[in-house]
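Take a look at the structure set out below.
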Amino acid sequence: MAEFEPKIVAFVCNWCSYAGADKAGGQKLAYAAQVKLVRVMCSGRVDPLFVMDAFRQGADGVMVLGCHPGDCHYRAGNKKAQQRFRILSRMLPQFGIESDRFRLDWVAAGEAERFQTIANEMTDRVRALGPLRIRGYVAKEVA
Amino acid sequence: MGRPRTAVFLCNCGPNIAGAIDLDIIAGQLASRQDVAVVERHALLCSPDGQQFFRDTLQNRQVDNVVVVACSPKMHEKTFQDLAGEAGINIGHVQMANVREHCAWVTPDKATATAKAQLLINAAIRRSLISENLEQRSMEVNTDVLVIGGGLAGIEAALTAAAAGRKVTIVDREISLGGAVIKTEEVAPSLECAPCLLAPRLAAVRDNSNITVLTRAEVTEVRGFYGNFTVRVRRQARAIEPSCIGCEACFEVCPVTVPSRFHLGLGTHKAVYTLFPGSVPAAAAIDKSACRHFTDGTCNACVEACPFGAVNFDQPDDESEFAVGAIVVATGFSSWDPRSISALGYGTVPDVYTLPEFERLASSNGPTHSEIRLRDGRAPRSVAVVHCAGSLRPDAIPYCSRVCCLGALKVGELVRKQIPGATVTNIHHDLVLTTPREQAFYRRQAHEGTRFLACTDLAAVQVRTGDHGIRVEGPGFEPVEVDMVVLATGLQPAAGTRELAGLLNVELDADGFLKPDHAVLHCTGASLDGIYVAGCAAGPCDLPTAVTQGQAAVGDAISKLMPGRRINLEMMTSVIDADLCAGCRLCKAACPYKAVSFDRERKVCVVNEAICRGCGTCSAACPTGASKARHFTDAQIHAEIGGLLHG
Ligand SMILES: Cc1cc2nc3c(=O)[nH]c(=O)nc-3n(C[C@H](O)[C@H](O)[C@H](O)COP(=O)(O)OP(=O)(O)OC[C@H]3O[C@@H](n4cnc5c(N)ncnc54)[C@H](O)[C@@H]3O)c2cc1C
């Protein structure tokens, strides 16, 4: 049987992290193919329900990537993202989702390699956890 | 109306996409989808030929939505949005699936890349099916400019705007314009005479009918937004009417002497005073905290002495409100006070001065009328200049102020000009001289006799009373004993910068200066549209930089605010559905721009879409779904998530 390839959904802000992923592309820095991005204007746009929805719809891991603290294109949206991340990380286990399946990090527009590293690290981390198996339960709680 | 018709364009991007992803398979699958009406493929869709093909196809095929499967939206979203617009499709209905940067270039295996591309395209199609129109809204603007701070940066900003025919108001809290440059005698490295440099610029401000100068004044309130600010300015009465020409007749009869801030406490002025002859405005002002008319009502001397009847003790403070389109912050800096580091001897060892104080002693408009003198009236025979006093250390100023080295080099020049045979020793570590002209200035000073002693740790320098004068010692150099010590102190944000930034709703950087909108591309823009920053308000800089920034800030401001032209507003703003809003105000707290307000009557929150920048942070905070981030709606993002996870 083929090795389990975890599906990772990453919400990335338009100005830093999406651009960082673009740069990784420009430099042909290959990373796990199951990492797929959803562009939002700011990491502050990420509603915790988006994260839950991604898990519900089959993601094994979810990331929120924004501008480094102090560099937010919208001043402090990433700070909001961080506050929400803290709360959500503590709530996830109550839904049977290991908090390691959720990651918040910062990738600047120039940080192509950092993007690649984070994408691969997250994939390895979630691969070690195995597939997420609580879909029915989460669907009831969140949908 | 039936189901929306979606067109999908596949771009080969030469070999870039077609070589890494099997577009034949993709095209085949798309052709069989119910929700896709048109599938087209092109070798290079962004080429002139490709663009024509794209537009023509959209015109001929009657579609509602477009998905462009190509490169990053950061490359060409605008290109295809504009073309779609020309073909009559609202730009809100154009989506890009970024299969180049996010798939073809990062997924070496073609089958894997093809599978990933399918999901990326699927997500874009699903998203496009529920896309909504984006409307370009625009607004009339006020083209006048407010300049806060009338140092050289502010003066040049005002003159630039006025030259373009704009009405400008300069607000300065001092009693006259000029800022720091007027306190120096010569401007290095060119050694231009500072007062001569400034005088014609001040006259130009005074004589320009487009410029209004408000002194002893501060901005107390700012409302509105880019193109439509309303500002409130409070002006303290100077008790002297504008008919005063600054003839100084009243100075002679005024019985009260006060330490002069302009002379940094090294000299005095009367309770009725000007900063220097030829100031703009010319009118004197009365220091009400010292004047005997105001303190005990016993004196009227100036009223009697004034040939113009200009003294008016009853002049009220006034407040005015006016509209401007853009605001330039040019509030300059304050100098670091060395009292907090006792090893530097300042305030305890006589004849230890700061660099700005030394500049006052050397200035023709200074307390000693440009005679460099010790406190006992003698001319110093030897002077030591300590570089980086308080700089580059976490307990004082953690950064380098960039201009102190230049100022410190002037000491030798000014001392030798006046006191033949006097020695000047600069105790330094780095010498921050950033242009060939500054370096040439340094070489000249060294050649003409300034001695340079390199210290290995300026934070360890000690200044104290020695046997034959003031002793300066530290690691890496032989101790010196001199008559006078000058501390090259660094530059800090002007007092009140934090409060002003709060009024303006702009950000400060880690050191407390105004943060640029973009450090490279828009360094004279502050972090809010329509607010600019120039000169030392943005961080320590030399005069040419301050002047250039003042001109650049205004150049940008006036080219964006043109009389008769409207400005376009952000399209992807958030909007709140009043029917769904519960009035909880979480969105208001989340908004980084204060764009959300609470309507007390209707008990709902409202977004001011002229201020909103479209980050969507409020929408994420909204518990009822009332706040919608245009083009990034909850529904669109949920559709995209589903599309990425299910083929
Ligand atoms: C000792 C010393 C020597 C120097 N020597 C040189 C040199 O030789 N060559 C060179 O190129 N540069 C030199 N510089 C740097 C130079 O002084 C600055 O580049 C220049 O003064 C910056 O001008 P500015 O207009 O930005 O600020 P400033 O000159 O500081 O003017 C700011 C103005 O804003 C006003 N203001 C402040 N806050 C408010 C407020 N809240 N509301 C209203 N008004 C306000 C102030 O009253 C002031 O008039 C030297 C600096 C120092 C300290």
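A short reminder: the numbers here are calculations on the coordinates, not readings from a lab. If you're wondering where the values come from, they're calculated on a predicted model, not measured in any experiment. Virtual Cβ from ideal backbone geometry, glycine too; neighbours counted across all protein chains shown.
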What does the convex hull of the Cα atoms of the range B:140-216 come to per residue, in Å³, rounded to a whole number?
-> 92
Relative contact order of chain B, defined on C-alpha pairs under 8 angstrom at six or more residues apart (%) = 14
Where both residues lie in the protein assembly as shown, what percent of DSSP beta bridges are antiparallel, nearest 5?
-> 40
P(r) of the range B:6-134 in 10 Å steps, Cα pairs, percent per bin?
-> 14, 50, 32, 4
Net length gained if the chain between residue B:304 and residue B:589 were fully extended (0.36 nm per residue, minus Cα distance) | 96.8 nm
Rule-of-thumb Rg ratio for the range B:334-492 [Cα; 2.2 N^0.38 Å; N residues] | 0.95
Relative contact order [Cα under 8 Å, 6+ residues apart], the range B:525-647, whole percent | 22
Estimated FRET transfer efficiency (residue B:395, residue B:582; beta-carbon r; R0 60 Å; 0.05) = 0.75
Check residue A:41: other-chain or 5+ apart residues with amide H under 5 Å from its amide H, H built from backbone geometry?
-> A:14
Amide H neighbours of residue B:36 at under 5 Å, excluding residues fewer than 5 places away on the same chain, with H built from the backbone geometry, are none
Under 22 Å from the Cα of residue B:288 - lysines, other chains or at least 8 residues apart | B:270
Which part of the range A:2-27 falls in the paramagnetic zone of residue A:120, meaning amide N under 14 Å from the point 7 Å along Cα-to-beta-carbon?
-> A:24-25
Cα principal axis extents for the range A:25-122, largest first, Å = 40, 32, 18
Cβ-based exposure ranking for B:452, A:115, in which fewest neighbours within 10 Å come first = B:452, A:115
Taking K and R as +1 and D and E as -1, what net charge do the other residues with C-beta under 15 Å from the C-beta of residue B:578 add up to?
-> +1
Positive-pole candidate from B:285, B:547, B:72, dipole of chain B, charges at beta carbon | B:72
Going out from 0 in 10 Å bins, what whole percent of all Cα-Cα distances in the protein assembly as shown drops into each bin?
-> 2, 12, 18, 18, 16, 13, 11, 7, 3, 0, 0
Top positive-direction residue, dipole computed over the protein assembly as shown with Cβ charges, set B:636, B:32, B:372 = B:32
Once you average over the residues of A:80-91, how many Cβ atoms of partner chains fall within 10 Å of each Cβ?
-> 1
Expressed in nm to one decimal, what extension gain is obtained for the pair residue B:598 and residue B:364 from 0.36 nm per residue of sequence separation less their Cα-Cα distance?
-> 78.5 nm
Would you mind listing how long the range B:249-305 runs along its three principal axes, going by Cα atoms, in whole Å with the largest first?
-> 28, 22, 16
On a 0 to 90 degree scale, rounded to 10, what angle separates helix B:436-448 from the longest Cα axis of chain B?
-> 20
Place a +1 charge on the Cβ of each Lys and Arg in the range B:94-137 and a -1 charge on the Cβ of each Asp and Glu, then give the dipole magnitude about the Cα centre in debye, rounded to the nearest 20.
-> 60
Counting other C-beta atoms within 10 Å, which of A:89, B:401 has the fewest, and how do the rest follow?
-> A:89, B:401
What share of all Cα pairs of chain B, in percent, falls into each consecutive 20 Å distance bin?
-> 16, 36, 28, 17, 3
Would you mind working out the magnitude of the charge dipole of the protein assembly as shown relative to its Cα centre, with +1 at each Lys and Arg C-beta and -1 at each Asp and Glu C-beta, to the nearest 20 Debye?
-> 1620
What average count of beta carbons from other chains do you get within 10 Å of the Cβ of residues in B:608-616?
-> 4
Among trypsin sites (Lys or Arg not before Pro) in the range B:460-569, those in a DSSP loop whose Cβ has at most 12 other Cβ atoms within 10 Å are B:565, B:566
Farthest positive-ward along chain B dipole, Cα basis, beta-carbon charges - from B:592, B:606, B:176 | B:606
Ranked A:17, B:279, criterion: other C-beta atoms within 10 Å, fewest first = B:279, A:17
Rounded to the nearest 5, what % of the DSSP beta bridges within chain B are antiparallel ones?
-> 50
Please state the relative contact order of the range A:8-129 as a whole percent: Cα pairs under 8 Å, 6+ residues apart?
-> 39
